[in-house]
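What follows is one structure encoded as structure tokens, with my remarks underneath.
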Amino acid sequence: MRRINTPDQALRVLRIALILGLSLTGACAIATEEPAFIVSLAQRDCEVREYPALVVAEVSVTGDRKAAASAGFRLLAGYIFGGNTARQKIAMTAPVVQAAAVGQKIAMTAPVLQSGGNGQWLIRFIMPRGSTLESLPSPNNPRAQLHNIAPARMAVARFSGLARQDRIAAKTAALAGFVNAQHLQAIGSPSLAQYDPPWTLWFLRRNEVMIPIAPVAAN
């Protein structure tokens, strides 16, 4: 075992231990619920999932991907932390989803969802299980909107670590290859789903790229 010989070394070890503790406890405390889904096909890091109908809070944000994700998160966090007509706190779920806004809304379900195009992004929080448009309080900020999301079939590629642009691009390409190889039909643009709070250590972070695909044809 390596010895700690100086006060500076001891301080560095203490900081690492504190950050690790915050990451582990924060991840458990904040993201306690994830939407249910059924896996109908799995191959290495790629899956096809069947998601039920969901209710989401959504905001449209302009900017680069990272800045838009941060701004959208703050706006939606304001809603669930009491910025609503009932001053009601709503449980945080995972993931947060980000997708490019390209003229029509992406039929995306679960995580925080982030997607975008031409600098316009949709950021989504999934509302807790059992939520309805009638039971949820209205957001105080008119930029935040509540929507029903229909049941959806999603092709998903999982990856850990930081969601850098090069990794997102590589996983998106791999997922597109999976969709083609399995003779599936993409019906929307890719989205990025992130499951962890920003202080989570990079090697503990869970991310996914998602592509909506056509449902199985009825016989």
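Can you give me the distance in nm between label points at Gln120 and Ala77, each placed 7 Å from the Cα along the Cα-to-Cβ direction? Those two pseudo-labels are separated by 2.6 nm. A simple spin-label model places the labels of Asp166 and Glu33 3.9 nm from each other, with each point 7 Å out along Cα-to-Cβ.
To make sure I understand, if each residue's beta carbon is the centre and we count other beta carbons within 10 Å, what order do Asp196, Asp64, Asp166 fall in, fewest to most?
Working: Asp196 22, Asp64 11, Asp166 7.
The order, fewest Cβ neighbours first, is Asp166, Asp64, Asp196.
Under the simplified labelling scheme, the Ala186-Phe203 pair shows an inter-label distance of 3.2 nm, with each label point 7 Å from Cα along Cα→Cβ.
We did not get these values from a lab; they are worked out from the coordinates using the rules stated. What you are looking at is a predicted structure, and each value in this text was computed from that prediction instead of being measured. Virtual Cβ from ideal backbone geometry, glycine too; neighbours counted across all protein chains shown.
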